[in-house]
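The values are calculated or read from the model by the stated rules, or taken from the named source; none is laboratory data. This one's a predicted model, so the numbers in the text were calculated from it and none came from an experiment. All Cβ positions, even for glycine, are placed from backbone atoms using ideal geometry, and neighbour counts span all protein chains on display. For the accessible areas, the whole protein counts, side chains as well, though only heavy atoms, and no ligand, DNA or RNA atoms are used. Shrake-Rupley method; radii C 1.70, N 1.55, O 1.52, S 1.80 Å.
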Amino acid sequence: AQSVTQPDIHITVSEGASLELRCNYSYGATPYLFWYVQSPGQGLQLLLKYFSGDTLVQGIKGFEAEFKRSQSSFNLRKPSVHWSDAAEYFCAVGGGYQKVTFGTGTKLQVIP
Amino acid sequence: DTAVSQTPKYLVTQMGNDKSIKCEQNLGHDTMYWYKQDSKKFLKIMFSYNNKELIINETVPNRFSPKSPDKAHLNLHINSLELGDSAVYFCASSQRGGRAGDTQYFGPGTRLTVL
């Protein structure tokens, strides 16, 4: 069965600092991998997704993620965090016509 | 223009009542979903419809019944509400036949509180 682990429940970073959110997945074949962001009181919005090709994926809002098959990881990064990036971030995995499984989320707090 | 809309945004009701949540998407997508997000933010799929046909039906109590009158609408009816049904319910849609790789577009959510 597919699964996603986001080991960090809550992360605090200073505005302007770099950010890395961790995601590990379990899937039997080549997965689709996603990062979604949920701002307070809002639905989820796709930041980026990966299936094949270049293992470094660029997304919206200056985010990128790197797929590492050997580590079953798909970590999200941003070189300089803005206060507006404070939100909940969800990693997700899926494949074929199966459902997409979401991780439990990482809450990002940005301090001035 | 709202891509995926849900009504109501908030729903407060007593245990044992029956309630419905409506979802509409104007993206022309074929597939729609219902998710439940609990108090710990865990997001779990409940149902998925493709062109009005049920394609995913997770382990959800029979009290929950989705209905898709057309491919732009997916409603969720809940009978005999229980305290444990309190959550945020998200509707989502994607373009093509429920493929996992398709981007899902989420509505703003309906916060259901059962007293």
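Considering only B:Ser39, B:Pro69, B:Thr59, the residue lying farthest towards the positive end of the dipole of the range B:34-88 is B:Ser39, judged by Cα position with unit charges set on Cβ. Peptide B:101-109 has a mean shielding of 6, counted as Cβ atoms of other protein chains within 10 Å of each residue's Cβ. Highest mobility in the GNM of chain B, judged by mean-square fluctuation with C-alpha springs under 10 Å and restricted to B:Ser68, B:Ser93, B:Ser80, is found for B:Ser80.
Report, in debye and to the nearest 20, how large the dipole of chain B comes out about its Cα centre when Lys and Arg carry +1 and Asp and Glu carry -1 on their Cβ.
180 debye
Once label points are set 7 Å from the Cα along Cα→Cβ at both A:Ala29 and A:Asp54, what is their separation, rounded to one decimal in nm? Rounded to a tenth, the inter-label distance reads 2.6 nm. Computed 3J(HN,Hα) for the range A:101-112, one whole-Hz value per residue from the Karplus formula 6.51 cos²θ - 1.76 cosθ + 1.60 where θ = phi - 60°, is 9, 9, x, 7, x, 10, 8, 9, 10, 10, 9, x, glycine and proline marked x. Could you run the numbers on buried accessible area between B and A, total for both chains, 1.4 angstrom probe, in Å² to the nearest 100? The buried area between B and A, both sides summed, comes to about 1700 Å².
Counting only trypsin sites (Lys or Arg not before Pro) that are in a DSSP loop and have at most 11 other C-beta atoms within 10 Å, tell me the longest site-free stretch of chain B.
Numbers: sites that count: B:Lys40, B:Arg96.
For trypsin sites (Lys or Arg not before Pro) (loop position, at most 11 other Cβ atoms within 10 Å), the longest site-free span of chain B is B:41-95.
When the Gaussian network model of chain B links Cα atoms closer than 10 Å, the mean-square fluctuations of B:Ala92, B:Ala72, B:Ala100 top out at B:Ala100. Legend: mean number of C-beta atoms from other chains within 10 angstrom of residue C-beta atoms, peptide A:44-57, equals 2.
Per residue of peptide A:96-106, the mean number of Cβ atoms on other chains within 10 Å of the residue Cβ is 6.
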